[in-house]
Every structure is written in C-alpha cells, then in structure tokens.
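Below: one structure, written as structure tokens.
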Amino acid sequence: MSYQIPKFRHPDLPVNDLGYTKAAYEGSISTLCAGCGHDSISGAIVRACHELSLEPHKIAKLSGIGCSSKTPTYFLGKSHGFNSVHGRMPSVVTGAAMANRDLLYLGVSGDGDTASIGMGQFAHVVRRNLNMVYIVMNNGCYGLTKGQDSATADEGSASKKGDANPFSAIDLCATALQMGATFVARSFSGDKEQLVPLIKAAMSHRGFALIDVISPCVTFNNTAASTKSYEFVRDHAEATGTVDFVPMRQEITTSSRPGAAHEVTMHDGSVLRLYEDADTLNPFDRRSAMMALMDHQHEGTILTGLIYLDKNSRDLHDVLQTSHRPLNQLEESELCPGNKMLLNINASLR
Amino acid sequence: MKPLQSVNDFVIKFANVNGTGSASANNLFAKALFRMGLPVSPKNIFPSNIQGLPTWYEVRVSEKGYLGRRGGVDIILSVNPQSMAQDIREIEPGGYFIYDNTKPLDLRLVRTDITIIGLPLTRICNEKYKDPRQRQLFKNVIYVGALAALLDMDFKVLTDLVADQFKGKEKLILPNITALELGHQYAKDNFECPLGIRVQAANQVGDKILLDGNTALGLGAIYGGATVAAWYPITPSTSVVDAFEKYARRVRIDPGTGRRNYAIVQAEDELAAIGMVIGASWNGARAFTATSGPGLSLMSEFLGLAYFAEIPTVLFDVQRAGPSTGMPTRTQQSDVLAAAYASHGDTKHVLLFPSTPKECFDLGALSFDLAERLQTPIIMLTDLDLGMNDNMSDPLVWDDSREYDRGKVLSAADLDNLERFGRYQDSDGDAICYRTYPGTHPGKGAYFTRGSSRDEQAVYTEKGEEYERNMLRLLQKWDTIKEYVPRPETTLCGKPTDMAVLYFGTSEESSREAVDYLSQEGIDLDAMRVRAFPFNQEVEDFIDQHERVFVIEQNRDAQLRTLLMAEFELGPDKLKSVLCFDGTPISARNIRKQILEHLPGNNVTPLHRKIRAGGVGEKA
C-alpha cells in the first residue's frame, strides 16, 4: 500500500531558487521499518535535490527489487519512477538514458540487487560510464525475505540469526574502481552532513557516479556481531575528508570553510571542495583510491567520503557520439529516409 | 537410366568447405540465373564453425516460381571430399554428379544411375595460379564458369555481374572473368554441352529483388524510426543489427553536427538487451532488440514486466533449431509457444510471422507502430531460412504519406487540460490507457512504473479486486489487439472442399507448391497463411468452415496447432499436423507426402466421406 504525506506544511519552510519547499521533493510515507537507514538516505536525496534546485520532473528515479528499491516511492513524488525487475535496473536506465540524455537518472539499488543478482549489469553499466547516479543502500542482508546474508556482508559478521558469514565480502567501491568507474564514494546513512554533499556532487558528475551507503537494517542486521550495525559503523567509519558542494551560480559564501585542499569544477559548472584531513588518499588517482580501500579493509575500518573522481570523464553519449538533441525528440522526417532510397536499394538487389 | 531432362526446373547443390570463399562464387551463380529472369531460391546449409567443415549451398530454379525447398537434388557440384559419399547418395536417379577429378573418384562411390562429370579443378588452378589463396578462391569461380557451359547459362550475364560485384575494385574484374572462361572452356572442350538439365532466359521475375530477411528487417527498423538498438550477438539474428547499423551510418548522421541520430548498445547479455529496449521505450524512443531462441528464453522475465506494466517493446526473434543450443545454424519455427506465453504468470504476447523479405521490412516497421499503439511487447518470429538466405521478394516500398502511429501519449498541454491523470485508467473503452514520457510536465503526469500490482493511478496495491480488474482489462486489450494485427492471407482452391492447409512464415512457399501437387492429384485444399497472434476472427471462421485442417509447421511439437487449439478451444481431431524439424526448410514433397499419409487409398470417393467414415490413418 502507499500512503500520502499530509499536505499541511509549516508556512515558513525555506524555498529554493525555483520557489519550491522541500515538500516538492518528497514522496509517499515510507512503509519501511522504523529506524531503517534507507529512510535517512531518502531524506538526504530530498535535501540534495531541493538544495540543488532541480526540477523534480526532470529527474527519473529507477530501482530494482528489494527494500532499497521500494524507496523511490518515498521521495521525488513529482518524478517518473520505474521499479523494474530484480538486479536489472542498470539496463533499464541505460535504455532510458539513450532515449533522453537531458534527464537526470537516479538509480537506487540494494546490496542483493547490485552485488548478487545484478552483479553482471552493475559491472557493465560502470564500464559504459553511463551518466547516472547509482546509490546502493547497503545493509549486508536481504530484508524483505527476512535477513539472509548478502554478498556485501563481511566475513565473520553475524546477523540476527547468529551464524557468522563464512564468505568473503564484495566491496562495491573497489569493484567499481576496477571496472573503470569515474566517481566512487562511500557514506553512512547516519551521516547526512557527509551524504548530502556527496549526492550533490554525484548529480553534477558527468558519467557513472556510485555512492555505496552503509545503511543498517534495524530489524535483521543491527546486532552486536554485525559489521553493518549503527554502532559498528559509527565506531569504525573514517572519512576521507569533508566535502563541500557549491552549486553552479551560487556565490561562495562564508558558510564554506576556507582552506580547501582541492576545488574541482564539475561538468555543469558547480564546484566541489575537498578538505583533506588525511594525506593517505589522492582521490584523483585510481591506484591511490584502491590502496586506501584495501588499507582500511585490512585495519577493519570503513573508509567513507569521496574515494575517487575522474575529472575527464566521458560518458556513454560521448562515446557513441549520439545527437545532442535527445533521441526521443527526433521527428519522423529526420528518422525515415523515404521511398526514394528504397528505389536505389531495390535496384542494387536485382 | 535416362539422364534427367528439364529446362528451368531443377535443384543443384554445391558441396563446399566453409571458409574457402565458395559463398561469393555460389551467390554469383544464383544471381546470374535470377538476372536471366528465372525464379531462384538459394539456401545456405552451413555449420556452426568458421573454417574447415562441410557447407552446402542449394539452389532451386523454378520457372513456375516455386521458391520453397522441393526436396531431392538433381545436380551436385562437389568440391569437398569430406562429404562426397553422403552427397552422391543424395542425387535423384538420373541426376548429375559434377566433381573435382584431380583426385580420382573412389570406385565404391560410383553410381550407375547418374551421370558423373569430372572437372580437374585443382589441377587447372595449380597450373594457372601460384598463390595458394588464389588457387582456392578461383577454383570456385572456375566451376561456376564450367556450370555456365554445362547448363547453357548466358555467359555475358555472368561477366556483367562480376563487373557489378567488383565495382570500386576494378582490378579484380579481369582475373575473375578469366577464371570463369577457364571453366567454361574446359567444359565446352570436354563435354557435350548442355546437359539434359539446362536453363534458358525467361521473363519470370518481373521487378522482384533478391534479399535476405535480416537485412530487410534492419531496414524496416530504420524506416520504422527506431533510434535505440540493444542486442547481444547470436546466430542467426546478428545480421539484423548489422544491417540497421549499416543503413543508420548512411541516413542517420546529423548533417549539421555529424552526430548520430541513433544509439546501438551491444549489451552484456540478452537480459540487459531487452531491459535497455524497455527503458528506452518507456522514455519515448523507438527501440528494438534482435535475438534467437536462447535469447528469447533469457528475456522472458522482462517480457512479463513489459506486458504487465504496458511498455512498448519490439523484439525480433530469428528462430533456429532448439531446444537449448540445438542446431544454431539450422532453421526451425520452434519458438512459437515460448514467445506467445513468455514469462511467469498470465501473459500473452503479440506475434508477427513474416514470410518474405518484403514482409520482414513491412512488419518490421509496423512493429513500432503496434508496440506504441498497443503498449505491449511485439515479438516478430522470423527464422534462419528467411533471415540469412537471399530470398526472391517483391521490391521494398515505403508510402511517403504514411505517418508513425505513436499511440496514446499525453503532451504537457494535454495534461494541463486534464483533471486527473490515471496511467492505468481505461478512458476510451478499448482497454488501452494513456501514458506520459518522463519530463513532460512539471506538476502532472508523473507516475510509477512497476511490475507489482497497482491501481488505476499506478499506486501500489495488494487489493485482490484491483489486481483482478487490471488483469481483466489486459484480457480485454487482447481483443482490441486482434483488430490491429495483420490479417491472414486466404487462398481458396475454387472448388468445394472441406479440407484446408494452414501455415505461417517460411512454410508458405513449400505449402503452396504442395497444394498444387495435391490438386493435380484431385485433392483440393483451401489455404490460409496466418500472419499474427492473437488470431483474428478470420482464422477462427476459416477453421470452422473446414472439417480437417492440416497445420504445417517446422517444429516437433506442433506449436502453432497447440496455440490454435488453446485459443479456440478446439478438440484434437480437427487439426492435423504436418511437421518438419530436421533443421532444413520444409519441402513441398515432404508436405505432400505427409498429407497423403493422412489420406490412405486413392482419391475416388469424395475425401470428406472417407474422413467421416474414419478411414484416415493417423501418423505422427
């Protein structure tokens, strides 16, 4: 079932450049478990889109199957949504993006949807560098079927059932880096201050942007022996450095801290500022990013923040040299060569 | 045994080794006959292999215009010792065996009831050419030259054709003509030409063309306005996307920017290919995929989504022999049931059955109109025989006054005038609802597409009555679809009869010929070619009007018959099966034989009486 959020809003809610309050970016009431990390991520998406003053109808939100893939109902109610089949969201987004390059494609998936049934499509959408934001709501378990371990569950981690997971974990960030991803980040559903700017940066990136968000499952995987519990992640998360995101056109005000180590101008003109607290990671170097991920895994900590960014990313439309006008807007007269050409073809076949 | 005598009516088969360049020489032979005004139907029988295995090329010549396989071979042109024993056995009594006698024929293979003609092809080549590749390539051209003499072909037609074929590579023209002359001269000098079987120029092809179905289909997609093609390579469908790309590069480059007005994505598998088609179609582009049986199996889950969520989807299935990997380079019509009911749950899909390259083009283009109008998958079932062989066909025509039917799509202005948008609300009573493309309107028309149950506003629901209402609407839409899909083609024999044949796709030509044979024997049959599923009312009426209907198809399990029985709730007695599933196209002789097996005894008393008396033997 779907339940609508009551229409009543505080009259003094802040509006963005388009005159919209945050309500314009919300969806139906969530039916996930109270305290689910996924709801916080939905909230971060709403905030990021509102603060970026995106037109809701110019966003398409797509998902696969699972708890995470239900969330698109709970944000961006004015956007077209597509809840596809299990593990196959990447192919649907690929087709959609080929048809209309002008929309912003937001894919939402889970660890089962991405790292197991959808691993093949995930790998290939990364390789193609499709221009999309791909958020994994990663809780290390299958919630809808009552808590089985997923392929991202750490070896030795135990969910509510109590058995330690005997298999090695798939690290989606490392996988994406290896497959050639051009934007790789990891975050925690409990850290909106980090997550919101990362989502904004991902939305401004031209090409494939992965955000792997650890998002604890309060019902099945928030145990003391789980490495995807709120407590464990809070205790073991180590941020790469803080991230500020300055949208295009917005003046750089005093709210931005001085002393950024890097300022990156994104494809749409926005500025991404990175304040690095540690000198162990160069986020513009794929090998450094991979090494940092492995080092943290070795230490049993979770590296969060922006892990890798390719400033010269070329997306699939660049590679295929498709028309700058969306393909779905081409007219019949531009598509159909008419009978005259057939006369020549027929003549060549006699 | 008197050697076979005929003019413009025979079957010749070339026995080659694949990867030796024989295909272009054999094409040259067939096309030369076509240019002499003779209906030809060349068929490649090739292995799933790149080099070194036996491959055959069978050409039927029929002045009467029978284009299906006749069955039997009158002449074998053999340059492959690997398959020689089998090839010699296949020749009709009185036929001809033409072979490379550089190495003498194994005496155990000799047949006294055929004419054996030796051409020292290897020897001629070794004497004439030094380069091993040239020796191999020109051997093929030399035997075409020899055949020209033996069959009395117009030599000038051949040399003109060579000139046409190598336009732009003029250096190659003269050596090829020389090779043709070598063979021609050798045959003239050593044999009494022509043979009992020969050709003479006729005027039986009119404005027809010689084209393979896959190329026609690729062109159909261009003309139908497809902009997104997503596919995974699989024989025998690969050349559909190849053709689409070839013509797209010609006509779909934006003159101003040089950018492409199309996108072709080679997917990681067939699941992704169909997912991309669904994503693109959902977003308002015309998109398609091409595949074969194994790909269709993989696409099943997504086809269920497209059916249930009502997303236009175009899928071209070039069928091959299944199940599983089956015989990947042999033909069959065996995906009928898998396509018709693809996916779990209650699903039914629209099928189109082309039988000629022209129809591949026409129905290929029409698929996009149908998919968008009907908001459901359109699956075209062609096959390897039609897709990969040059078939004689009516020329391709496009009506320039025709406009694409983009179906029920609401614009921003439409939405402004609408009080409330319901994606799955049947406003027109035809069970087809209005859709919107993403990004159309800032405040209206957004909805959630999903494979789970939902109400008319596209909101998730688990209410049984809402689900049931939606499923019933889809069934009602199935009735609407019957009005849109191509109607069958009926050929009445003009005499009172209560028997008929019913077939689809590439069984057409052989069926037509078999009906003629049987008619000469006093067995009159009406005929219907089904062109689409769901079956139109005409199909039901036609079956009703006949006591016995022979359903001719190229699979083991009588899949079309099963579909007819299921959809029309027919008992098992009325429809009799005529089947061929050995991987070769069904032949006219085979059809005739199977129909006769259903009708033992000669045809003295009216057949329907015999049938009513139960005098018809059933044989599977």
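Would you call residue B:353 touching a residue at least 12 places away in the same chain (Cβ under 8 Å), within 13 Å of chain A (Cβ to nearest Cβ) and surrounded by 21 or more Cβ atoms within 10 Å (Cβ to Cβ)? Give the derivation first.
Values: touching a residue at least 12 places away in the same chain (Cβ under 8 Å): yes; within 13 Å of chain A (Cβ to nearest Cβ): no; surrounded by 21 or more Cβ atoms within 10 Å (Cβ to Cβ): yes.
The answer is no for residue B:353.
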Hits in segment B:515-563 (condition: among the small types (Gly, Ala, Ser) and within 20 Å of the chain's Cα centre (by Cα)): B:527, B:532, B:558
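Against the condition touching a Gly at 6+ places or on another chain (Cβ under 7 Å), farther than 15 Å from residue B:32 by Cα and in the same structural domain as residue B:36 (by TED's automatic domain parsing), how does residue B:174 come out, does it pass? Full working, then the answer.
On the way: touching a Gly at 6+ places or on another chain (Cβ under 7 Å): no; farther than 15 Å from residue B:32 by Cα: yes; in the same structural domain as residue B:36 (by TED's automatic domain parsing): yes.
Answer is no for this residue.
Among residues belonging to segment B:456-473 that are polar (S, T, N, Q) and not in a helix (DSSP H, G or I), point out the one that is surrounded by the fewest Cβ atoms within 10 Å (Cβ to Cβ).
Narrowing segment B:456-473 to residues polar (S, T, N, Q): B:457, B:461, B:470.
When the remaining residues are screened for being not in a helix (DSSP H, G or I), the result is B:457, B:461.
Numbers: B:457: 15, B:461: 18.
Among them, the one singled out is B:457.
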Which of the numbered conditions does residue B:361 fail, given that it passes all the others? Conditions: (1) at the interface with chain A (Cβ under 10 Å from one of its Cβ atoms); (2) at pLDDT 95 or above; (3) part of a loop (DSSP other than H, G, I, E, B). (3)
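Do the conditions hold for residue A:136, that is, is it in a helix (DSSP H, G or I), surrounded by 24 or more Cβ atoms within 10 Å (Cβ to Cβ), touching a residue at least 60 places away in the same chain (Cβ under 8 Å) and not hydroxyl-bearing (Ser, Thr, Tyr)? Walk me through how you get there before you give the answer.
Values: in a helix (DSSP H, G or I): no; surrounded by 24 or more Cβ atoms within 10 Å (Cβ to Cβ): yes; touching a residue at least 60 places away in the same chain (Cβ under 8 Å): yes; not hydroxyl-bearing (Ser, Thr, Tyr): yes.
Considered against the rule, which asks whether it is in a helix (DSSP H, G or I), surrounded by 24 or more Cβ atoms within 10 Å (Cβ to Cβ), touching a residue at least 60 places away in the same chain (Cβ under 8 Å) and not hydroxyl-bearing (Ser, Thr, Tyr), residue A:136 comes out as no.
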In segment B:317-328, which residue that is in contact (Cβ under 8 Å) with a residue 40 or more places away in the chain and surrounded by 20 or more Cβ atoms within 10 Å (Cβ to Cβ) is farthest from the chain's Cα centre (by Cα)? B:321
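If you scan segment A:55-76, which residues turn out to be within 7 Å of chain B (Cβ to nearest Cβ), out of contact with any Lys or Arg (no Cβ under 7 Å at 6 or more places or on another chain) and not in a strand (DSSP E or B)? Let's see the steps before the verdict.
Kept after step one, since they are within 7 Å of chain B (Cβ to nearest Cβ), are these residues of segment A:55-76: A:55, A:57-58, A:60, A:73.
With out of contact with any Lys or Arg (no Cβ under 7 Å at 6 or more places or on another chain) added as a condition, the list becomes A:55, A:58, A:60, A:73.
Across segment A:55-76, the qualifying residues are A:55, A:58, A:73.
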Residue match in segment A:113-131 (condition: facing chain B (nearest Cβ under 10 Å) and among the charged types (D, E, K, R)): yes
What about residue A:83, is it crowded, with 24+ Cβ neighbours inside 10 Å and more than 12 Å from chain B (Cβ to nearest Cβ)? no
Regarding segment B:563-576, can at least one residue be identified that is modelled with pLDDT of 95 or more, part of a strand (DSSP E or B), out of contact with any helix residue (DSSP H, G or I) (no Cβ under 7 Å at 6 or more places or on another chain) and within 16 Å of residue B:337 (Cβ to Cβ)? no
Can you tell me which residue within segment B:404-450, out of those that are under 38 Å from the mean Cα position of the chain (by Cα) and at positive phi, is farthest from the other protein chains (Cβ to nearest Cβ)? B:429
Give segment A:313-350 a look and list any residue that's among the charged types (D, E, K, R) and more than 8 Å from chain B (Cβ to nearest Cβ), or say none. A:314, A:315, A:318, A:325, A:331, A:340
Please specify each residue of segment A:86-101 satisfying the condition of being basic (Lys, Arg) and surrounded by fewer than 24 Cβ atoms within 10 Å (Cβ to Cβ). A:101
Any residue in segment B:385-393 that is surrounded by fewer than 17 Cβ atoms within 10 Å (Cβ to Cβ) and either in a loop (DSSP other than H, G, I, E, B) or at pLDDT below 95 (or both)? no
When residue B:292 is run through (1) of a type in the set (Ser, Thr, Tyr); (2) closer than 17 Å to residue A:94 by Cβ; (3) more than 12 Å from every other protein chain (Cβ to nearest Cβ), the failure sits at (2)
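The values are calculated or read from the model by the stated rules, or taken from the named source; none is laboratory data. Keep in mind it's a predicted model, so treat the numbers as computed, not measured. Here the Cβ is made from the backbone with ideal geometry for all residues, glycine too, and neighbour counts use every protein chain on show.
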